[in-house]
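Q: Have a look at this one.
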Amino acid sequence: MGPRQKKSVPGSVAGPAPVPAPDVPVAAPTRQLEIETKLELDPDAALPALGKRKRLAAVGVAGVAEPVTHHLDAVYYDTERLDLLRSRITLRRRTGGSDAGWHLKLPAVEGARTEIGLPLAAGDDGAVPAAIAGLVLGAARGRPLGPVGRIVNERTVRHLLDGAGTVLIEVADDHVTGTSLGDDRTRRWREVEAEIVDGTPEQLAATVDVLVSGGARPAASPSKLARALDYRRPEARRGKTAADVVVGWLSRQVDRLITADRAVRDGDAAAALDARTVCRRIAAVLTVFAPLFQGPALPGLRSALHGASATFDGVRDLRSARQRLVDQLAEEPAPYRDRARTRLEQACGARLGRASERIDAFLTGPDYLQMLQALDDLIAAAPLSRRAHRNATRELAALLAAGWQRLVDLAAAALADPTRTSPLQEVGDWATTLRYAAEAAVGPLGPDAAVLATSLEELQESVEEHLDARRAADLLATLAVERDTDGVAGFIFGRLHAVEQNLAHAAVDDFTDAWDRIEDGELVAALVR
């Protein structure tokens with residue numbers, strides 16, 4: 001928020017790095033968590049007094065520093081469709097104050113927003129720095145970023161201090177002029193922002209109380225740029241039709257996918273699993289509830305989602321295999337265990353590196369970015385069938401019942417020959433698909449859909465355990481004959497291979513037991529009553 005100096009913390013930002021000039025160091029992005037409250041005041045109103053207030057003194061505020069005024073001038077960047085703003089992200093290049101530079105503000109998590117900063121020189125001639133552009137490539141749906149708005153701000157900053165002079169809370173009194181660069185419309189308003197510096201949430205709350213008691217009120221918009229552009233996020237569909245439920249659910253899932261996408265680009269390895277799950281969830285709903293849609297685009301979109309999920313699967317499968325084998329190695333004698341562990345880590349590290357590179361390449365490729373655009377188009381103007389306009393409870397229950405019947409047929413084929421992995425995997429895949437569709441329908445269908453989803457999850461987990469054991473066994477068989485595996489490690493890998501084969505067989509028994517427990521027509525009959 002404020003024009004104070006931010007602490008420099010090295011960031012891990014994916015995407016193409018800018019090419020530095022010779023002998024010119026590339027500054028690492030700074031990162032700061034912002035916990036603030038936005039208010040507004042009438043343009044001519046006096047700012048409520050902050051000194052010698054009992055409410056503030058009660059939480060440890062001892063005084064107020066002399067006000068300091070800054071002239072801030074920021075150009076905001078986004079796509080023509082305002083994709084960043086739609087994802088609650090803002091990107092600006094601001095001059096003036098003590099923190100002039102490029103600032104990327106990410107959506108709040110548990111009340112705190114992350115601001116990533118780079119110096120002005122990181123973006124020559126107003127071009128968005130490559131590090132920031134790479135981080136928001138998915139949020140921008142691959143579309144180019146350009147100037148969309150300008151905010152000129154006359155800011156007066158007051159710091160609330162404790163007895164030792166430490167800044168607890170910063171209060172910024174902003175007289176704002178916002179201009180939409182698309183149509184040159186200008187708006188003027190006044191905001192007051194209160195932000196924690198080295199204070200506490202209680203001190204922030206007390207500051208807000210004092211400001212509100214003196215005439216301030218909640219800000220009309222959470223973002224200066226949104227107010228300057230008169231932008232409002234598309235409202236979620238609300239209604240009782242099948243389309244209202246499914247399209248509204250899809251919109252929320254796309255938001256989650258963009259969040260995971262940004263985290264993956266920012267170096268969060270675990271976020272790849274989140275992206276994988278969201279892609280599978282969306283594909284599942286577009287499969288089970290496909291009769292709600294019409295037109296030629298849906299099959300291609302489903303295929304793209306499955307391809308995205310498969311790309312993320314590589315990292316997930318390797319991590320799963322590595323962890324289960326590391327756990328089993330703990331039971332082996334130390335001299336043998338250590339040799340095998342070293343070789344396992346070496347081999348899995350190399351494979352994980354290649355799998356991560358494939359994800360990075362996929363995230364910057366046209367197929368993935370076009371998939372994101374297609375999802376946006378589907379949500380904005382879904383090609384709906386007649387069934388989509390009918391009552392959600394009746395239509396979604398009927399489609400889940402049809403999906404259940406397919407599961408029954410697949411399970412019968414798998415149980416006819418449990419030694420074959422392929423039919424078992426088909427059951428697991430469809431159980432997962434049906435589970436995600438049932439979870440999407442919990443709103444209109446209630447606890448019955450939740451019970452169905454929980455039962456399907458149990459079935460899914462038994463199949464996944466079988467497949468994970470098979471994959472681990474296959475990895476061990478491959479490692480055992482590789483040139484870099486010595487005799488000791490190969491011996492241990494052989495022992496673990498036998499363990500994984502036994503676990504795979506046991507998982508088939510677990511699958512049979514799970515199916516016996518859920519093969520009860522009442523699970524689905526309760527939905528269609």
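Q: Condition first: in contact with a Pro (Cβ under 9 Å, 6 or more places away or on another chain), farther than 22 Å from Gln370 by Cβ and either aromatic (Phe, Trp, Tyr) or not in a helix (DSSP H, G or I) (or both). Can you find one or more residues in region 278-298 that meet it?
A: No, region 278-298 contains no residue that is in contact with a Pro (Cβ under 9 Å, 6 or more places away or on another chain), farther than 22 Å from Gln370 by Cβ and either aromatic (Phe, Trp, Tyr) or not in a helix (DSSP H, G or I) (or both).
Q: Here is a further query. Is it fair to say Asp409 is loosely packed, with under 15 Cβ neighbours inside 10 Å and in contact (Cβ under 8 Å) with a residue 12 or more places away in the chain?
A: Working: loosely packed, with under 15 Cβ neighbours inside 10 Å: yes; in contact (Cβ under 8 Å) with a residue 12 or more places away in the chain: no.
It is false that Asp409 is loosely packed, with under 15 Cβ neighbours inside 10 Å and in contact (Cβ under 8 Å) with a residue 12 or more places away in the chain.
Q: Oh, and also: Hey, any hits in region 65-74 for a residue that's surrounded by 17 or more Cβ atoms within 10 Å (Cβ to Cβ), modelled with pLDDT under 95 and either within 21 Å of Arg190 (Cα to Cα) or not hydroxyl-bearing (Ser, Thr, Tyr) (or both)?
A: No, the conditions are met nowhere in region 65-74.
Q: Given the conditions (1) modelled with pLDDT of 95 or more; (2) open to solvent by 20 Å² or more (accessible area, probe 1.4 Å), which single one is not true for Val247?
A: (2)
Q: Right, another one. Report the residue count in region 340-366 for those that are modelled with pLDDT under 95 and closer than 14 Å to Ala489 by Cβ.
A: Within region 340-366, residues that are modelled with pLDDT under 95 and closer than 14 Å to Ala489 by Cβ number 0.
Q: Further, regarding this structure: Suppose the filter is surrounded by 15 or more Cβ atoms within 10 Å (Cβ to Cβ), modelled with pLDDT of 95 or more and within 14 Å of Trp515 (Cα to Cα); does Leu400 pass it?
A: Details: surrounded by 15 or more Cβ atoms within 10 Å (Cβ to Cβ): yes; modelled with pLDDT of 95 or more: yes; within 14 Å of Trp515 (Cα to Cα): no.
No.
Q: Does Ala260 qualify as being of a type in the set (Gly, Ala, Ser) and assigned to a helix (DSSP H, G or I)?
A: Answer is yes for this residue.
Q: Out of Leu82, Leu47, report the one residue that is open to solvent by 20 Å² or more (accessible area, probe 1.4 Å), within 22 Å of Ser251 (Cα to Cα) and among the hydrophobic types (A, V, I, L, M, F, W, C).
A: Leu82
Q: Which of the residues that make up region 240-267 are touching a residue at least 60 places away in the same chain (Cβ under 8 Å) and more than 30 Å from Arg358 (Cα to Cα)?
A: Answer for region 240-267, where residues must be touching a residue at least 60 places away in the same chain (Cβ under 8 Å) and more than 30 Å from Arg358 (Cα to Cα): Lys240, Thr241, Ala242, Ala243, Asp244, Val245, Val246, Val247.
Q: Among the residues in region 16-25, are any in contact with a Ser or Thr (Cβ under 7 Å, 6 or more places away or on another chain), more than 20 Å from Gly214 (Cβ to Cβ) and modelled with pLDDT of 50 or more?
A: Looking only at region 16-25, we keep the residues that are in contact with a Ser or Thr (Cβ under 7 Å, 6 or more places away or on another chain), and these are none.
No, every residue in region 16-25 fails to be in contact with a Ser or Thr (Cβ under 7 Å, 6 or more places away or on another chain), more than 20 Å from Gly214 (Cβ to Cβ) and modelled with pLDDT of 50 or more.
Q: Can you say whether Gly349 is part of a helix (DSSP H, G or I), closer than 26 Å to Gly134 by Cα, free of Cβ contacts under 8 Å to residues at least 12 places away in the same chain and open to solvent by 10 Å² or more (accessible area, probe 1.4 Å), as far as the supplied structure shows?
A: For Gly349, the condition - part of a helix (DSSP H, G or I), closer than 26 Å to Gly134 by Cα, free of Cβ contacts under 8 Å to residues at least 12 places away in the same chain and open to solvent by 10 Å² or more (accessible area, probe 1.4 Å) - is met.
Q: Taking Arg155, is it in contact with a strand residue (DSSP E or B) (Cβ under 6 Å, 6 or more places away or on another chain), of a type in the set (Lys, Arg), surrounded by fewer than 16 Cβ atoms within 10 Å (Cβ to Cβ) and touching a residue at least 40 places away in the same chain (Cβ under 8 Å)?
A: No; evaluated as a whole, the condition is false for this residue.
Q: Please work out which one of (1) in contact (Cβ under 8 Å) with a residue 60 or more places away in the chain; (2) open to solvent by 20 Å² or more (accessible area, probe 1.4 Å); (3) in a helix (DSSP H, G or I) is the condition Asp474 fails and give its number.
A: (1)
Q: Does Val254 fit the bill of being among the hydrophobic types (A, V, I, L, M, F, W, C), closer than 30 Å to Pro147 by Cβ and modelled with pLDDT of 95 or more?
A: So Val254 fits the description; yes.
Q: Another question about this same structure. Checking the structure you have, find out if any residue of region 311-318 is in a helix (DSSP H, G or I) and within 17 Å of Arg495 (Cα to Cα).
A: Within region 311-318, not a single residue is in a helix (DSSP H, G or I) and within 17 Å of Arg495 (Cα to Cα).
Q: Sort out which residues of region 174-188 are assigned to a strand (DSSP E or B) and in contact with an Asp or Glu (Cβ under 8 Å, 6 or more places away or on another chain), and write them in order of number. Don't jump to the end; show me each part of the working.
A: Of region 174-188, the ones assigned to a strand (DSSP E or B) are 174-180, 186-188.
Hits for region 174-188 are Asp174, His175, Val176, Ser180, Arg187.
Q: Still on this model: How many residues does region 388-417 hold that are part of a helix (DSSP H, G or I) and among the polar types (S, T, N, Q)?
A: Residues flagged as part of a helix (DSSP H, G or I) and among the polar types (S, T, N, Q) within region 388-417 amount to 2.
Q: Next question, about the same structure. Please list, ordered by first then second residue, the pairs with beta carbon atoms under 8 Å, 6 or more apart or interchain, first in region 272-285 and in contact (Cβ under 8 Å) with a residue 60 or more places away in the chain, second of a type in the set (Asp, Glu) and surrounded by fewer than 21 Cβ atoms within 10 Å (Cβ to Cβ).
A: Listed pairs, sorted by first residue: Arg281/Glu439.
Q: Further question on the same structure: Return the only residue of Asp520, Asp509, Asp516 being at pLDDT below 95, open to solvent by 20 Å² or more (accessible area, probe 1.4 Å) and not in a helix (DSSP H, G or I).
A: Within the list Asp520, Asp509, Asp516, the selection yields Asp520.
Q: Sort out which residues of region 304-344 are in contact (Cβ under 8 Å) with a residue 12 or more places away in the chain, charged (D, E, K, R) and farther than 20 Å from Gly365 by Cα, and write them in order of number.
A: Listed by number, the residues that qualify are Arg316, Asp317, Arg319, Arg322, Arg324, Glu332, Arg337, Arg339, Arg341, Arg343.
Q: Kindly indicate whether any position in region 447-456 is more than 25 Å from the chain's Cα centre (by Cα), farther than 14 Å from Val288 by Cβ, modelled with pLDDT of 95 or more and buried (at least 16 other Cβ atoms within 10 Å of the Cβ).
A: Looking for residues that are more than 25 Å from the chain's Cα centre (by Cα), farther than 14 Å from Val288 by Cβ, modelled with pLDDT of 95 or more and buried (at least 16 other Cβ atoms within 10 Å of the Cβ), one finds none in region 447-456, hence no.
Q: Sticking with this structure for a sec: Filter region 94-150 down to the residues that are aliphatic (A, V, I, L, M) and open to solvent by less than 10 Å² (accessible area, probe 1.4 Å) and list them by number.
A: The answer is Leu104, Ile116, Ile132, Leu135, Val136, Ala139, Ala140.
Q: Just to check your reading of the model, which residue among Asp209, Asp198 is over 17 Å from Asp44 (Cα atoms), in contact with a helix residue (DSSP H, G or I) (Cβ under 8 Å, 6 or more places away or on another chain) and among the charged types (D, E, K, R)? Step through it out loud before you land on a result.
A: Values: Asp198 fails: in contact with a helix residue (DSSP H, G or I) (Cβ under 8 Å, 6 or more places away or on another chain).
Step by step, each of Asp209, Asp198 is checked, and only Asp209 is over 17 Å from Asp44 (Cα atoms), in contact with a helix residue (DSSP H, G or I) (Cβ under 8 Å, 6 or more places away or on another chain) and among the charged types (D, E, K, R).
Q: Just checking, does region 407-429 include any residue being under 22 Å from Gly248 (Cβ atoms), at pLDDT 95 or above and of a type in the set (Asp, Glu)?
A: As a first pass, look at region 407-429 and keep what is under 22 Å from Gly248 (Cβ atoms): none.
Among the residues of region 407-429, not one is under 22 Å from Gly248 (Cβ atoms), at pLDDT 95 or above and of a type in the set (Asp, Glu), which makes the answer no.
The values are calculated or read from the model by the stated rules, or taken from the named source; none is laboratory data. Keep in mind the model is a prediction, meaning the values are calculated, not measured. Cβ coordinates were reconstructed from backbone atoms using ideal geometry, including for glycine residues, and neighbour counts include every protein chain displayed. Accessible surface areas use protein heavy atoms only, side chains included; no ligands, DNA or RNA. Shrake-Rupley method; radii C 1.70, N 1.55, O 1.52, S 1.80 Å.
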